[in-house]
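Below is one structure; the comments refer to it alone.
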Amino acid sequence: MARIKAFEEFAGEYEEWFEKHEWAYKSELKAVRKLLPDFTHAIEIGIGTGRFAIPLGIKNGVEPSPRMAGIARARGLCVVERPCEDLPYDDRQFDLVLMVTTICFVDDVSKCLSEIDRVLQPGGHILVGFIDSNSRLGKLYQAKKGASKFYGDATFYSFTEVREFLRTSGFDDLVSVQTIFRPPSEMDSPDEVKKGSGEGSFVVMRGRKAH
């Protein structure tokens, strides 16, 4: 069952996070843009309220939380209420699939990635943005899971674990970038985006569907 309870109850607080931590949000967006390929038909899995889809020009999304989906629709996005393990789309329908801070809420990561592989065209790309569990912020979130409205039900993964998920699911040409090198509450400007992983708390990994 999709982990949506917190997003149903605290959608307003979710939105406030992006306003309160503007520079962390802009850093994450910059990192996603760094690896964003050209696309013609894209979808975001776990689109939330559209905070990433809208500035990136992605019109379609899947979101299991009705309340979050409603906010995204009000912003002009086409959103289907469905978990990522059961995508209501034809095979090879998209050339880009985006997931940002979604993988930590997925019940069955392997099944989700299998579905993404199914709806991607050969040569299409997947972008996964996530908080690295081995990073400073990842460790803090895990330590405070019990007191967090949003991350109490989250399962955080390391860079190595996410890379293995993608490799096992058949994605190749894996590349990554990282950002957020300071606590979000202390940021007064966007952080830089560096190649690789191991320093930044937020990592974006891109993979390609070979066949």
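The values are calculated or read from the model by the stated rules, or taken from the named source; none is laboratory data. Predicted, not measured: the structure shown is a model, and the values here were computed from it. For neighbour counting, all protein chains shown are included, and Cβ atoms are generated from backbone atoms with ideal geometry for every residue, glycine included.
May I ask you to say which residue of ILE58, ILE71 is in contact (Cβ under 8 Å) with a residue 40 or more places away in the chain, among the hydrophobic types (A, V, I, L, M, F, W, C) and assigned to a loop (DSSP other than H, G, I, E, B)?
Of ILE58, ILE71, the one residue that is in contact (Cβ under 8 Å) with a residue 40 or more places away in the chain, among the hydrophobic types (A, V, I, L, M, F, W, C) and assigned to a loop (DSSP other than H, G, I, E, B) is ILE58.
Are there any pairs with C-beta distances below 7 angstrom linking a residue in the stretch 162-173 that is outside any strand (DSSP E or B) to a residue that is surrounded by fewer than 20 Cβ atoms within 10 Å (Cβ to Cβ) and at pLDDT below 95, with the two at least 6 apart or on different chains, and if so which?
Going by the 7 Å Cβ cut-off, the qualifying pairs are GLY170/ALA210.
Of the numbered conditions (1) over 23 Å from PRO64 (Cβ atoms); (2) in contact (Cβ under 8 Å) with a residue 12 or more places away in the chain, ALA143 satisfies every one except a single condition; which is it?
(2)
If you scan the stretch 174-191, which residues turn out to be in contact (Cβ under 8 Å) with a residue 24 or more places away in the chain and within 19 Å of the chain's Cα centre (by Cα)?
Matches in the stretch 174-191: LEU174, VAL175, SER176, VAL177, GLN178, THR179, ILE180, PRO184, PRO190, ASP191.
Looking at the structure I just gave you, is ALA24 crowded, with 16+ Cβ neighbours inside 10 Å, part of a helix (DSSP H, G or I) and modelled with pLDDT of 95 or more?
For ALA24, the condition - crowded, with 16+ Cβ neighbours inside 10 Å, part of a helix (DSSP H, G or I) and modelled with pLDDT of 95 or more - is met.
If I go through the stretch 116-142 residue by residue, how many of them are part of a helix (DSSP H, G or I) and under 17 Å from LEU166 (Cβ atoms)?
4
Right, GLY123: modelled with pLDDT of 95 or more and over 21 Å from VAL62 (Cα atoms) or not?
The answer is yes for GLY123.
Report, by residue number, each residue of the stretch 40-55 that is on the phi < 0 side of the Ramachandran plot, buried (at least 24 other Cβ atoms within 10 Å of the Cβ) and assigned to a loop (DSSP other than H, G, I, E, B).
Hits for the stretch 40-55 are ILE47, THR49, PHE52.
What is the number of the single condition among (1) in contact with a Phe, Trp or Tyr (Cβ under 8 Å, 6 or more places away or on another chain); (2) more than 26 Å from SER176 (Cα to Cα) that VAL109 does not meet?
The one condition VAL109 does not meet is (2).
Starting from the stretch 9-20, take each residue that is within 15 Å of PRO66 (Cα to Cα) and list its partners that are modelled with pLDDT under 70, counting only C-beta distances under 8 angstrom and pairs at least six apart or across chains.
GLU9/LYS149; PHE10/LYS149; PHE10/PHE150; TYR14/PHE7; TYR14/PHE150
If you scan the stretch 104-115, which residues turn out to be without any contact (Cβ under 8 Å) to a residue 60 or more places away in the chain and in a helix (DSSP H, G or I)?
CYS104, VAL109, SER110, LYS111, LEU113, SER114, GLU115
Restricting to the stretch 116-132, count the residues that are free of Cβ contacts under 8 Å to residues at least 60 places away in the same chain and crowded, with 21+ Cβ neighbours inside 10 Å.
Total meeting the criteria: 0.
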